[in-house]
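Data first, discussion second: the structure below is written as structure tokens.
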Amino acid sequence: MPRGPKPHAPESEDPDDILIASKYLNSRYPWRDPAERVPYGIVLLVAAQLKWSPAAVLVRLGELGYADVQRSEAPLPAVVEPDDAALITSVDVRFGLTPVDVDKTVSLRQVVVSAALTNRAPAEAARRMTALGYRVGTGARPLSESADLRDVGLIRTDHRGSWFDWGDEVSAGQVLETARDLLCSPHYAADRLIALGLRLPYTPEPGDERLLKYADVPGGGWIGRWTTAPVGHILTVARETGRSHADILARLSELGCQRPGGNIPDTPEPDDLVLLSENLDGRLPWLMKNDVVGLQLRHILRASLVTGRSPAQVTERLTALGHRLHENANVPETADETDIRLLETVTRSYLDDVHLEHVLRGASLTGRSPSDVATRLTELGYQLPDEVTYPEIRPGARTQAPAA
């Protein structure tokens with residue numbers, strides 16, 4: 001189908017007229033077609049740029065031949081400020097200059113993103129858009145009166161460009177996922193989502209903050225959608241708050257968390273927290289359950305020295321708490337510092353073979369002979385498949401030269 005002739009530049013040489021006639025309000029081609037309707041938002045954007053009243057813009061558009069202009073059901077605002085432009089310009093269109101359609105309800109995304117762009121609170125941005133003649137949607141609760149740049153990330157449903165809108169329900173798992181992406185507390189994320197007019201399947205409680213914080217690490221150490229709560233964390237929260245294990249687990253389930261990474265004992269023993277802490281001091285960081293390679297044998301031996309339990313007793317208790325030792329591991333009858341130092345040099349799990357380079361590294365770091373290292377690692381359950389004759393000499397030892 002043949003297209004009509006392209007609109008020409010305005011005959012007027014007035015800079016204001018040239019700007020009004022340019023489709024993207026940049027005083028350049030392409031020019032606005034007089035046969036097409038002028039969006040209401042263009043009237044406001046021209047008013048903001050030229051510091052005219054919207055009524056004056058309407059008059060000049062008519063004089064320039066633009067007779068069909070979209071109007072709002074509300075009265076024209078008396079003044080449009082320059083920083084109103086971010087509210088009026090649609091955030092749904094990536095290219096060009098497209099104003100928000102006054103015939104449609106303004107989306108939550110438009111309010112939140114434009115609020116962030118102008119450092120306004122979402123409630124303030126919504127009020128201003130209403131004053132400019134737009135119809136703004138409503139959520140489950142009134143919008144927040146405080147500004148927060150993280151709001152834009154909170155209302156994203158995924159990384160593909162989808163967004164929550166007025167009154168949508170955000171799942172508990174989505175709250176955890178969003179909090180992880182924004183490196184913030186899931187409790188903060190839940191509170192803020194409600195402040196943006198969205199709904200949740202639960203009511204945030206102040207105690208959720210403690211329930212969800214399991215470590216002090218980069219990113220906050222919050223329990224995430226796919227992160228299991230360590231047993232040590234559950235026992236500590238129960239001791240600090242007086243809440244029962246069942247109550248804590250039920251609340252974590254409401255918050256979208258997975259089952260804990262281990263078994264919660266009916267009757268905790270006095271040194272359970274020591275056994276479950278990585279540094280054997282009864283505090284975080286806690287042991288995380290590893291169903292692939294199992295618990296490290298050196299933790300068993302270190303725990304034995306700290307608690308006075310035998311390695312077998314430590315293994316039995318940690319197994320009861322859900323931390324298994326790999327089936328290939330051989331637990332010695334007594335804990336020995338020399339075994340611990342040797343195991344600290346081993347970078348291989350019980351699923352991996354230990355080769356010559358690993359034996360030599362262990363010998364170098366412990367001062368033991370390669371033969372001694374290979375023998376002891378074999379006794380502790382490691383697989384050394386290489387057919388190698390390991391020397392008895394210790395690293396750094398010197399053969400005495402014969403007398404002259």
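In order along segment 142-151, the phi-based Karplus estimate (6.51 cos²θ - 1.76 cosθ + 1.60, θ = phi - 60°) of 3J(HN,Hα) comes to x, 5, 5, 8, 10, 8, 7, 5, 6, 4 Hz; Gly and Pro are listed as x.
For segment 269-381, the Kirkwood estimate of hydrodynamic radius, built from reciprocal distances between every pair of different alpha carbons, is 14.5 Å. Computed with a 1.4 Å probe over protein heavy atoms only, the accessible area of Leu252 comes to about 10 Å².
Taken over the Cα atoms of the chain, the convex hull encloses 275 Å³ per residue.
Once backbone amide H atoms are built at 1.01 Å from N, Trp31 has Lys23 as its partners under 5 Å, excluding neighbours fewer than 5 places away on the same chain. Less than 5 angstrom separates the built amide H of Val136 from those of Val106, all sequence-distant by 5 or more or on a different chain. Across Ser162, Ser144, Ser304, mean-square fluctuation computed from a Gaussian network of the chain (C-alpha pairs under 10 Å connected) peaks at Ser162. Restricting attention to the chain, close to 45% of DSSP beta bridges with both partner residues there are antiparallel. Each residue of segment 208-219 was assigned a 3J(HN,Hα) from its phi angle through the Karplus expression (A = 6.51, B = -1.76, C = 1.60, θ = phi - 60°), giving 4, 4, 6, 4, 8, 9, 10, 7, 10, 9, x, x Hz with x at Gly and Pro. Projected onto its three principal axes, the C-alpha set of segment 133-224 covers 49, 29, 23 Å, listed from the longest axis down. A viscosity of 1.306 mPa s and a temperature of 10 °C, combined with the Kirkwood radius over C-alpha pairs in the Stokes-Einstein formula, give segment 249-295 a diffusion coefficient of 130 µm²/s. Compare the Cα positions of Trp226, Ile300, Leu325 along the charge dipole of the chain (+1 at Cβ of Lys, Arg; -1 at Cβ of Asp, Glu; about the Cα centre) and return the one farthest towards the positive end. Comparing the listed Cα positions along the dipole, Trp226 ranks first. Counting only alpha carbon atoms, the long axis of helix 245-254 and the longest principal axis of the chain meet at about 40°. Kirkwood hydrodynamic radius computed over segment 24-180 comes to 16.8 Å, based on all pairs of distinct alpha carbons. In the context of the full set of protein chains, residues of segment 55-139 present 48 Å² of accessible surface per residue (probe radius 1.4 Å, heavy atoms only). So who's got an amide H within less than 5 Å of the one on Thr89, skipping anything under 5 residues away but keeping other chains? H placed 1.01 Å off N, in plane. Those qualifying (amide H under 5 Å, at least 5 residues apart or on another chain) are Val100.
The values are calculated or read from the model by the stated rules, or taken from the named source; none is laboratory data. Since the model is a prediction, treat every value here as computed from it, not as a measurement. Don't worry about glycine lacking a Cβ; one is built from the backbone with ideal geometry, like all the others, and counts go over all protein chains shown. The accessibility values were calculated without ligands, DNA or RNA, using every heavy atom of the protein model including side chains. Shrake-Rupley method; radii C 1.70, N 1.55, O 1.52, S 1.80 Å.
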